[in-house]
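Take a look at the structure below.
The values are calculated or read from the model by the stated rules, or taken from the named source; none is laboratory data. Note that the structure is a prediction, hence the values are computed from the model and not measured. No Cβ is skipped: glycine too gets one built from the backbone with ideal geometry, and neighbour counts run over all protein chains shown. Side chains included, ligands, DNA and RNA excluded: accessible areas come from the protein's heavy atoms. Shrake-Rupley method; radii C 1.70, N 1.55, O 1.52, S 1.80 Å.
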Amino acid sequence: MSLMVKGIVYEIKKNRILYLMCVPALIVLIMFCYIPFAGIWMAFTDFNVVDGIFGSKFVGLDNFTYFFSKNSMGWKVTYNTLYINFFSLILGIIVPVSIAVFLNEIRNKAYRRVAQSMMFFPYFISWVVVGAILYGIFSTDVGVANNILEFFGADPIRWYSEPKYWKWIIIFSSVWKWSGYSSILYMAAMANFDGSLYEAAKVDGANKLQRIVFLTIPMLKPTIIVLTLLSVGRIFYGDFGMIYGIVGNNPVLIDEVTVIDTYVYQSMRTLGFSYSTAIGLFQSLMGLILITAANKSAKKINDGEGLF
């Protein structure tokens, strides 16, 4: 043990400048990531400000039980979160990979850079602006969507009074906003591909589609798996800014698209901190379970390679 201590002391002395540079980041990490862990105890109590976190009445799993009871929206918000995130995940793989492959096949560098910049631009737009754009499209009176429907002889739709459309509107909005950013990551991976493989395939008579299917996609597989694993870990997390930026407080639509994050916010205002903490803890645990299971599955289909 003494040798281990001496080794640690020697290492710290030898690289003391580097360790000192890490101190501010470690302080921030401890203050904002580890010390707040104590607040998890609120999930098992009936918290009140007077008694504090550890003095409040212990209620066990009552908050979790209520979340999944018939009187709560627990099952609905969980379903909404998984539904929106699952299809966003699937389309969020297909669309960026397709964009990256098509851009990679463009030989005109100037056109490719312009197209790439235009597709990357939505990443910088806030959800409030996206919500304003969608209002311009789906507004009942002056919206583009209804004008198109009327042009083809169809009846206009009162979009903001029809909840059934909004899950998919949100899904497509999410894919549109993030696809350009994700395609950059795939294009960066493709920049390291061995060009001689494509030349050999071309000599063997493989056409462009065959080179994409049998060379590009298989070589992109490790990158796709890593990005998918990162997305799976957040499949229980709904984008609070996205939901409120697009739907806002519309009472007709909010129940149809409310996700766990927005429900936590609503619960914190009405049902108290203990209940909202319990939901957040459930959300985190499910995310951990999912990313662990997905990582194990990825190792089986990717020759032992995963995120960790």
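I'd like the full set of residues that are open to solvent by less than 30 Å² (accessible area, probe 1.4 Å) and touching a helix residue (DSSP H, G or I) at 6+ places or on another chain (Cβ under 7 Å), limited to region 139-158.
Gly143, Ala145
Within region 62-95, how many residues turn out to be surrounded by fewer than 15 Cβ atoms within 10 Å (Cβ to Cβ), more than 30 Å from Gln116 (Cα to Cα) and hydrophobic (A, V, I, L, M, F, W, C)?
Summing the residues that are surrounded by fewer than 15 Cβ atoms within 10 Å (Cβ to Cβ), more than 30 Å from Gln116 (Cα to Cα) and hydrophobic (A, V, I, L, M, F, W, C) in region 62-95 gives 2.
For region 111-143, which positions are in contact with a Gly (Cβ under 7 Å, 6 or more places away or on another chain) and without any contact (Cβ under 8 Å) to a residue 24 or more places away in the chain?
Scanning region 111-143 gives Gly136, Ile137, Gly143.
Give the residue that is most open to solvent (accessible area, probe 1.4 Å), with candidates limited to residues of region 159-171 that are out of contact with any Ser or Thr (no Cβ under 9 Å at 6 or more places or on another chain) and assigned to a helix (DSSP H, G or I).
Lys164
Hey, could you check region 1-57 for residues that are touching a residue at least 24 places away in the same chain (Cβ under 8 Å) and part of a strand (DSSP E or B) and say which is surrounded by the fewest Cβ atoms within 10 Å (Cβ to Cβ)?
Asp46
Conditions first: (1) in contact (Cβ under 8 Å) with a residue 40 or more places away in the chain; (2) touching a Lys or Arg at 6+ places or on another chain (Cβ under 7 Å). Ile171 passes all but one, so which condition is the exception?
Failing condition for Ile171: (2).
Only one residue in Leu29, Leu89, Leu61, Leu20 is under 30 Å from Lys221 (Cα atoms) and not basic (Lys, Arg), so which one is that?
Leu89
Working only within region 25-42, note down all residues that are of a type in the set (Val, Ile, Thr) and within 19 Å of Tyr275 (Cβ to Cβ).
Across region 25-42, the qualifying residue is only Ile40.
Here is a check on your reading of the model: is Gly248 buried (at least 22 other Cβ atoms within 10 Å of the Cβ) and not in a helix (DSSP H, G or I)?
No, not satisfied.
Among Thr277, Thr262, which is under 16 Å from the mean Cα position of the chain (by Cα), part of a helix (DSSP H, G or I), at pLDDT 85 or above and of a type outside the set (Gly, Ala, Ser)?
Within the list Thr277, Thr262, the selection yields Thr262.
Pull up region 96-115, narrow it to residues that are open to solvent by 50 Å² or more (accessible area, probe 1.4 Å) and of a type outside the set (D, E, K, R), then point me to the one that is nearest to Asn249 (Cα to Cα).
Step by step, filter region 96-115, then rank; the result is Val114.
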